[in-house]
Structures are given as C-alpha cells and as structure tokens.
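Below is one structure, written out as structure tokens, with a few remarks after it.
Any read-out appearing in this document is the output of simple, stated calculations on the displayed coordinates, not a laboratory observation. Only a predicted model underlies this, so the values are computations on that prediction, with no experimental measurement involved. All Cβ positions, even for glycine, are placed from backbone atoms using ideal geometry, and neighbour counts span all protein chains on display.
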Amino acid sequence: MRLRHTTINVLAVSGRVVLSLFLAAVAWFLLDAIWTYYERDPRTRDGHVRADVVGVTTDVSGLVTAVNIEGNRFVRKGQILFQVDPARFAIALRQADATVESRRADLIYARQQARRDHALRGLVAQQQTDQADSNLRAAHAALDLALAARDSAALDLRRATVRAPVDGVASYVNLRPGAYVHAGTAVLALVDADSIRVEGYFQETRLGRIHIGDRARIHLIGDKTLLYGHVSSITGAVNDSDTTVGSNLLPSIDPNFSWVRLAQRVPVRITIDGHPAQPLLLPGRTASIVILGSDHVPASAASAPSAGSSATAPAGDRNHWPQQVAPAQPGAAGEWP
C-alpha cells in the first residue's frame, strides 16, 4: 500500500513537471513568435495608396466651347480634354498672317529703295542713302516682330485645345461649356496612372531592418487579395515638430519635454510588382504593409499578384490600369470601375 502511494506521488510530481515544461515551451514559442512578428519583419497598418495628381490648367484665357470628358473616366496622354474658344484664336492667327504679309511687302519696298539709292550714290544725297539703309533695317525688324507675333498666335491656337499630359483618370471635372477659364488656373485634376504606389509610415525603430529593394507584402483593407512590391525609397527627412524658426531666423526649441517619447514615423515608398487589377489600387485606400526582406517572396510573386485576383492585366500592358478599364477604342474614354 505504501509503495502504491509512493508511485502515485511520483507520477503526480512527474505530471506537474511535464505540464510545467510544456507550458514553459508554449510560452517560449509564443514569445518568440510575437518577437518575430513585431521585430524581424517590420510592419505597419498606417499605409496608403498614393498617386501624383496633375492640376490641368489652360495657357490661354477664354470661354470653354467644348468639354470632351466626364468625371472619373480614364484618358490617354494626348487625348482632348476641352477647348477654349479656338475660333477666336484662329481669327487672331489669320490677322497675324496678314500682318506678316504686309511686313514682307514693306521689306521688299525698302530693299528696292536702298538698292536704287546705292546705285545712284553719286546723284543722290548721302543723307537719303543713309535713310534708305535705316528703313531697310527697320523693315527687317518689323518682319521679325510680325513673325514672332504669328508664332505666338499659332501657339495660342494649339493650346486652346487642352490635351491630357499623362495617362490617368480625370477626377473632379466641374467644367461645362460656357464657363470662362483663366490662364494658369487649374480646372480639373488628373490622377497619373504611372505614379501609383503605396506609402507606409514605419516607426524609426524599424528602419534598421528596411532596405532599398526589400520585398513587401501589402494588404488593402476590405480586400482579401495580397499584393507584393519592393521598397523603392525611404524619405530623406521628416519634420521636427519641436523646433520652429524664431523672428530672428534662429531655432526656437520647445522647453517642454515629455517623459514618454513616441517613435517618429518615417515614410517608406513601395513600388507595386506585377499587374494588379485597378480596383485594388484606388488612390487613397488604406493598406497594411509587411517588409519581408530580400528572400521571403517567391519569384513568381514578384511578377504577378497573389492567387485570388479577379482581373489581371496582360504582360506589357499598363502597370496599374487593367485591360478592361482601358478605352474600348483609341481616343475613347474608359470608365474607372
């Protein structure tokens, strides 16, 4: 009986030891996983899809006579967006052409007069010959001035037809025929299709593990498809909110110092690899980003989106706009889905 109780006590102690070791191993595994999750692969939930926005302006002032686009439509570089009273500028060009012809006639007459006076050098006064030479030089200058005015009128006529400077989506088109536009004032926004990227804001304590060329995994909020890219640049500077410039141009330092110091966030730019469908890369969307390093992503993931993408542009097509979003015909507008 005593031996039996001893055996039971030994088994109970052994069980507790094994359970304690098991729990310690699980705790160690969890701590290692958490440490790896937060430290080995830098990550942030503060990421956004970005794109350059071109403020389309007109180089001439006048009435808008035609608007050839609608809001949220895809346009190709060189496609006509709107026109600013081209008939008026065509009239100005014809007037400039007429002025050029008149100045040419004046030049021909002045040249003939100068030749005649030089041929009669001994029969006419020197003052008359000098005046003829002066008139010839003035006629040359007047013709040059008329030619420059004609070139300016031709340039105004060309720029009265405003074309898309880049491929992209025309956003915020609040323009109608009959509106008066002023030169140099932006009248619509064009989202550059070739500038789509993802920017993540990482804590400065993670920068030591982020390098140019590192692979990155991107998860857009509200979408199950994972995108892959690579680190293309890290910002060169961030604003120091504790330092301002005083009235005498000397730095003014905030005397208050917080005991709890929060790590500064540094922008890191991610270039998308492959040809993901455009609905994924809507500028302004929020994204979570994980930096995987240079050897964490299969080679296939660098050239195509992960499985589950419903639309993929063919090789050689636009990097950010899929084929089904492109215009159905050359010069036609396609709709942003």
Each residue of the range 233-241 in order: what ³J(HN,Hα) in whole Hz does its phi give by Karplus 6.51 cos²θ - 1.76 cosθ + 1.60, θ = phi - 60°, with x for Gly and Pro?
-> 6, 10, 4, x, 6, 10, 6, 8, 6
Work out from phi, with θ = phi - 60° and the Karplus expression 6.51 cos²θ - 1.76 cosθ + 1.60, the ³J(HN,Hα) of each residue of the range 164-170, listed in order in whole Hz, and give x for Gly and Pro.
-> 5, x, 9, 6, x, 10, 7
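When each pair of different Cα atoms in the range 195-291 is counted once in the 1/r mean, what is the Kirkwood radius in angstroms, to one decimal?
15.7
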If every Lys and Arg gets +1 and every Asp and Glu gets -1 at its Cβ, then about the Cα centre the range 56-192 yields a dipole, in debye to the nearest 20, of 260
Going from the fewest other Cβ atoms within 10 Å to the most, one would list His230, His118, His140 as His118, His140, His230
log10 of Debye I(q)/I(0), alpha-carbon scatterers only, for the range 56-192 at 0.13, 0.17, 0.20 Å⁻¹ | -0.65, -0.87, -1.04
Let me have the relative contact order for the range 56-192, percent, based on Cα pairs under 8 Å that are six or more residues apart.
-> 50
Taking neighbour counts of Cβ atoms within 10 Å as a proxy for exposure, in what order, fewest first, do Leu136, Leu249, Leu207 appear?
-> Leu249, Leu207, Leu136
Taking Arg269, Arg261 and counting other beta carbon atoms within 10 angstrom, the fewest-first order is Arg261, Arg269
Could you order peptides 100-111, 76-87 by the average number of other Cβ atoms within 10 Å of their residues, highest first?
-> 76-87, 100-111
Reciprocal mean inverse distance between Cα atoms of the range 131-198 - Kirkwood radius, Å = 16.2
In whole Hz, what ³J(HN,Hα) sequence does the range 81-91 give by Karplus (6.51, -1.76, 1.60; θ = phi - 60°), x for Gly and Pro?
-> 9, 7, 10, 10, 6, x, 4, 5, 6, 5, 5
Summed residue charge, Cβ within 12 Å of Val124's Cβ, Lys/Arg positive, Asp/Glu negative = 0
